[in-house]
Amino acid sequence: MEERGHEILKFIDSFIQEHELPPLSTDGVNGGVSILGWSIGASHAAAAVASSCTLSGDIRARLGPHLRSLIFYEAAPMILGLPPPSQSWLPLTDESIPPASRLRAFSQWATSYFDHGDLSTRDLEKLSWVVASPDAVPTFFTFGSETLKRLTTFDDTAAGVDVPYTYYFTNQLSWCHHKAFLARR
């Protein structure tokens, strides 16, 4: 995870230098860069922040004035090294779904909209985990078959790395999350 984090930060450092990006302004309004991780990619964004203190001093000195924020978008608990809530459901691991259909089922489910209860309560029981809202068509169905063919694959081995990664790298993912968000620097 540290190596993946270093790769991301070295890329950002090179990009900043090559394109002469301005550092974050003193008032925080202009300049700088953000690191964004979406879904399983959030684990690599956390790895970048978690491993930043082990980069060479010259890279840290260049990156420091430029780093604005870390954005996590739709990161599942497993990406943070946390166990999934007991209420959660994931088509990729549902053994009642034939293995060859799990990725397609996941794609339909992951692009669905859900009607939740009162989110201000922060009560997981108020979340709808399985049944999609009848009021919004899942994005999966709005693409059309030609676009889906161009953008996706539903080969039953396509997600063969992601699921084991989230289960077998729990300690590493947890370390990254803790170091990036909770450790005092």
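The values are calculated or read from the model by the stated rules, or taken from the named source; none is laboratory data. Bear in mind that the values here come from a model prediction, so they are computed numbers and not experimental data. Methodologically, a virtual Cβ is constructed for each residue, glycine included, from the backbone with ideal geometry; neighbour enumeration extends over all protein chains shown.
The set of residues in the range 1-18 that are part of a helix (DSSP H, G or I) and farther than 17 Å from Arg68 by Cα comprises Glu2, Glu3, Arg4, His6, Glu7, Glu18.
Within this structure, Arg104 passes the test of being basic (Lys, Arg), at pLDDT below 95 and more than 18 Å from the chain's Cα centre (by Cα).
One line per residue, one yes/no per condition, for (1) closer than 20 Å to His178 by Cβ; (2) polar (S, T, N, Q); (3) surrounded by 12 or more Cβ atoms within 10 Å (Cβ to Cβ):
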{"position": "Leu24", "(1), (2), (3)": "no, no, yes"}
{"position": "Val29", "(1), (2), (3)": "no, no, no"}
{"position": "Leu63", "(1), (2), (3)": "no, no, yes"}
{"position": "Ser69", "(1), (2), (3)": "yes, yes, no"}
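When you scan the range 173-185, how many residues do you find that are in a helix (DSSP H, G or I), of a type outside the set (A, V, I, L, M, F, W, C) and either over 15 Å from the mean Cα position of the chain (by Cα) or exposed (fewer than 10 other Cβ atoms within 10 Å of the Cβ) (or both)? Residues that pass the stated criteria total 2. Just give me the residues in the range 29-59 being touching a residue at least 12 places away in the same chain (Cβ under 8 Å) and more than 26 Å from Pro84 (Cβ to Cβ), in sequence order. Those that are touching a residue at least 12 places away in the same chain (Cβ under 8 Å) and more than 26 Å from Pro84 (Cβ to Cβ): Gly31, Gly32, Val33, Ser34, Ser52, Cys53, Thr54, Leu55, Ile59.
Output the residue which, of all residues in the range 24-47 that are part of a loop (DSSP other than H, G, I, E, B) and among the small types (Gly, Ala, Ser), is nearest to the chain's Cα centre (by Cα). Selected residue: Gly32.
Every residue, every condition in (1) of a type outside the set (Phe, Trp, Tyr); (2) assigned by TED's automatic domain parsing to the domain that holds Asp13, yes or no:
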| position | (1), (2) |
| --- | --- |
| Leu63 | yes, yes |
| Arg68 | yes, yes |
| Ile71 | yes, yes |
| Ala105 | yes, no |
| Trp109 | no, no |
| Ser120 | yes, no |
| Pro134 | yes, no |
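Residues that are crowded, with 18+ Cβ neighbours inside 10 Å and not acidic (Asp, Glu) within the range 5-22 comprise Gly5, His6, Ile8, Leu9, Ile12, Ile16, listed in sequence order.
Of the listed requirements (1) modelled with pLDDT under 95; (2) more than 18 Å from the chain's Cα centre (by Cα); (3) among the aromatic types (Phe, Trp, Tyr), Phe15 misses just one: (1).
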